[in-house]
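Engineer: First, the structure itself, so that you have it in front of you.
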Amino acid sequence: MRLIWAYVLLFCLAGKERKMRNLTEIRWHGRGGQGAKTAALLLADVAFQAGMHVQGFPEYGPERMGAPITAYDRISAKPIRVHSNIYEPDFVAVVDDTLLHSVDVTAGLKEDGGILINTEKSAEEIVPMLKGYKGKIYLLDAHKVCMATLGKYFPNTPMLAAMVKISGVMDTEAFLKDMEGSLQHKFARKPEVLEGNMKALRLALEEVKECQ
């Protein structure tokens with residue numbers, strides 16, 4: 001009888017693990033005006049277009065220019081039944097590395113997930129600022145990507161692409177195709193803006209690097 005119950009327990013735990021893997025939770029940290037909230041909403045939109053169940057929402061509160069803001073994504077192959085902030089994310093995106101001095105960006109972050117940081121700094125400078133986080137750390141110089149493709153600094157665009165790549169929430173080619181369709185509609189009269197944004201997305205996919 002004990003052996004039967006042991007098998008039942010293992011089966012339930014395996015089912016719980018499969019269920020958890022069907023859900024990816026992402027937390028975004030940025031400053032007002034940098035587009036972290038927009039990136040979270042865009043990610044939810046393209047994942048929805050790919051046939052997934054999604055939630056994309058900012059943390060409630062005033063969004064002042066330059067003030068720290070937080071936004072969230074839930075992406076799942078199955079219906080999502082939880083409706084709350086995300087306290088134990090699988091992935092975290094930090095759109096402004098100055099937040100590392102004032103915000104605990106790794107709070108609750110799962111060690112089998114990862115953190116993506118927009119920075120011009122080296123891994124040797126960034127890793128000690130993450131309070132001993134043991135999971136994967138990814139760095140992207142979004143400023144470099146933006147200047148090379150857009151001529152202006154919009155960090156949310158390359159950070160969005162990099163998050164899709166590191167999280168694996170959807171195929172990168174499908175992501176690019178969906179984004180191109182969305183941007184074509186938005187910038188129908190500005191083809192140069194469309195081209196610049198697509199170049200930024202593609203370059204970010206190439207430039208994001210794992211450093212731990």
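The values are calculated or read from the model by the stated rules, or taken from the named source; none is laboratory data. Since the structure is predicted, the reported quantities are computational estimates derived from the model, not experimental observations. Every residue, glycine among them, receives a Cβ derived from its backbone with ideal geometry; neighbour counts consider all protein chains shown.
Engineer: Taking the options LYS165, LYS131, name whichever one is in contact with an Asp or Glu (Cβ under 8 Å, 6 or more places away or on another chain), of a type in the set (Lys, Arg) and touching a residue at least 12 places away in the same chain (Cβ under 8 Å).
Structural biologist: On inspection, the qualifying residue turns out to be LYS131.
Engineer: Now for a different question. Can you tell which of THR70, THR106 is more than 19 Å from VAL46 (Cβ to Cβ), assigned to a loop (DSSP other than H, G, I, E, B) and of a type outside the set (Lys, Arg)?
Structural biologist: Criteria check complete, one pass: THR106.
Engineer: Next question. Any idea which of MET159, MET170 is touching a residue at least 40 places away in the same chain (Cβ under 8 Å), assigned to a loop (DSSP other than H, G, I, E, B), in contact with a helix residue (DSSP H, G or I) (Cβ under 9 Å, 6 or more places away or on another chain) and within 16 Å of ALA204 (Cβ to Cβ)?
Structural biologist: MET170
Engineer: Please work out which one of (1) aromatic (Phe, Trp, Tyr); (2) assigned to a loop (DSSP other than H, G, I, E, B); (3) closer than 16 Å to ALA39 by Cα is the condition TYR87 fails and give its number.
Structural biologist: Single failed check for TYR87: (3).
Engineer: Condition (residue is within 21 Å of GLY35 (Cα to Cα), in a helix (DSSP H, G or I) and in contact with an Asp or Glu (Cβ under 7 Å, 6 or more places away or on another chain)) applied to segment 183-195: is it met by at least one residue?
Structural biologist: No - not one qualifying residue is present in segment 183-195.
Engineer: Let me ask you something else. Being modelled with pLDDT of 50 or more and part of a helix (DSSP H, G or I), is that true of even one residue in segment 24-36?
Structural biologist: Yes.
Engineer: For residues in segment 132-154 being in a loop (DSSP other than H, G, I, E, B) and of a type in the set (Ser, Thr, Tyr), which is surrounded by the fewest Cβ atoms within 10 Å (Cβ to Cβ)?
Structural biologist: It comes out as TYR153.
Engineer: Continuing with the same structure: What are the residues in segment 71-90 that are touching a residue at least 40 places away in the same chain (Cβ under 8 Å) and not small (Gly, Ala, Ser), if any?
Structural biologist: TYR72, ASP73, ARG74, ILE75, LYS78, ILE80, ILE86, GLU88, PRO89, ASP90
Engineer: Mind telling me which of the residues VAL54, VAL92 ends up being of a type in the set (Val, Ile, Thr), modelled with pLDDT of 95 or more, surrounded by 18 or more Cβ atoms within 10 Å (Cβ to Cβ) and within 11 Å of the chain's Cα centre (by Cα)?
Structural biologist: One residue alone meets the criteria, VAL92.
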